[in-house]
Amino acid sequence: MMRLIKVHLGLIQYLNVELRKKRTSAELIKFLKDLGERYCKVMLQEYKNLFLIFDKSYKEQKAKYDKMQTLKKDLTRCLKMLRYLDEKMEKAGMNRQRRRQFWRDFYRDGHIRTDVFEELQKELGA
């Protein structure tokens, strides 16, 4: 509902500025026609969004979508952290065989994962 109010307030401000400009009657008609078309499109979209809020299946789909987006962001952050860790080991001079052994141990042993993530969080200041 607040969105509808903001749309109308923005429209009033826009009209206040634009109608003060000198225009011929043909330009004014074209301006008002274009404005009316854009206003109708925006209002239709807003009403669609309002009706979707009350639709139960939409709420469920939206919740699933939001959950998947959150999961995707979390996985992306984790992947970046693991790449950072690998690059850090490479810069520290660890050879490929030693890094591979680290990742095998990392995969198998939960204690190592916990220690590594705690160390990374301390390093990154989180």
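Based on this model, can you work out whether GLY36 counts as at pLDDT 90 or above and in a helix (DSSP H, G or I)? For GLY36, the condition - at pLDDT 90 or above and in a helix (DSSP H, G or I) - is met. With respect to the conditions (1) touching a residue at least 12 places away in the same chain (Cβ under 8 Å); (2) surrounded by fewer than 10 Cβ atoms within 10 Å (Cβ to Cβ), ASP86 lacks only one, and its number is (2). Screening ASP55 on (1) closer than 30 Å to ARG3 by Cα; (2) of a type in the set (D, E, K, R); (3) modelled with pLDDT of 85 or more shows it passes everything except condition (3).
Every residue, every condition in (1) without any contact (Cβ under 8 Å) to a residue 40 or more places away in the chain; (2) of a type in the set (Phe, Trp, Tyr); (3) in contact with a Phe, Trp or Tyr (Cβ under 6 Å, 6 or more places away or on another chain); (4) exposed (fewer than 10 other Cβ atoms within 10 Å of the Cβ), yes or no:
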residue: PHE31; (1), (2), (3), (4): yes, yes, no, no
residue: SER57; (1), (2), (3), (4): yes, no, no, yes
residue: LYS62; (1), (2), (3), (4): yes, no, no, no
residue: LYS67; (1), (2), (3), (4): yes, no, no, no
residue: THR70; (1), (2), (3), (4): yes, no, no, no
residue: LEU75; (1), (2), (3), (4): yes, no, no, no
residue: ASP105; (1), (2), (3), (4): yes, no, no, no
residue: ILE112; (1), (2), (3), (4): yes, no, yes, no
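In this structure, is GLN45 under 30 Å from LYS122 (Cα atoms), at pLDDT 85 or above and polar (S, T, N, Q)?
Details: under 30 Å from LYS122 (Cα atoms): no; at pLDDT 85 or above: yes; polar (S, T, N, Q): yes.
For GLN45, the condition - under 30 Å from LYS122 (Cα atoms), at pLDDT 85 or above and polar (S, T, N, Q) - is not met.
Restricting the stretch 4-24 to residues that are surrounded by 11 or more Cβ atoms within 10 Å (Cβ to Cβ) and either among the hydrophobic types (A, V, I, L, M, F, W, C) or in contact (Cβ under 8 Å) with a residue 40 or more places away in the chain (or both) leaves a set whose member that is farthest from VAL42 (Cα to Cα) is LEU19. Suppose the filter is assigned to a helix (DSSP H, G or I), within 29 Å of the chain's Cα centre (by Cα) and among the aromatic types (Phe, Trp, Tyr); does TYR65 pass it? Answer is yes for this residue. The set of residues in the stretch 33-45 that are of a type outside the set (A, V, I, L, M, F, W, C) and surrounded by 13 or more Cβ atoms within 10 Å (Cβ to Cβ) contains only TYR39. The condition of being at pLDDT 85 or above, part of a helix (DSSP H, G or I) and either farther than 29 Å from ARG3 by Cβ or not polar (S, T, N, Q) (or both) holds for LYS80.
Checking the condition in a helix (DSSP H, G or I), under 30 Å from ILE12 (Cβ atoms) and hydroxyl-bearing (Ser, Thr, Tyr), which residue from TYR107, TYR47 passes? Full working, then the answer.
On the way: TYR107 fails: under 30 Å from ILE12 (Cβ atoms).
From the options TYR107, TYR47, the qualifying one is TYR47.
The values are calculated or read from the model by the stated rules, or taken from the named source; none is laboratory data. Bear in mind that the values here come from a model prediction, so they are computed numbers and not experimental data. Note that each Cβ is placed from the backbone with ideal geometry, even for glycine, and that neighbours are counted across all protein chains shown.
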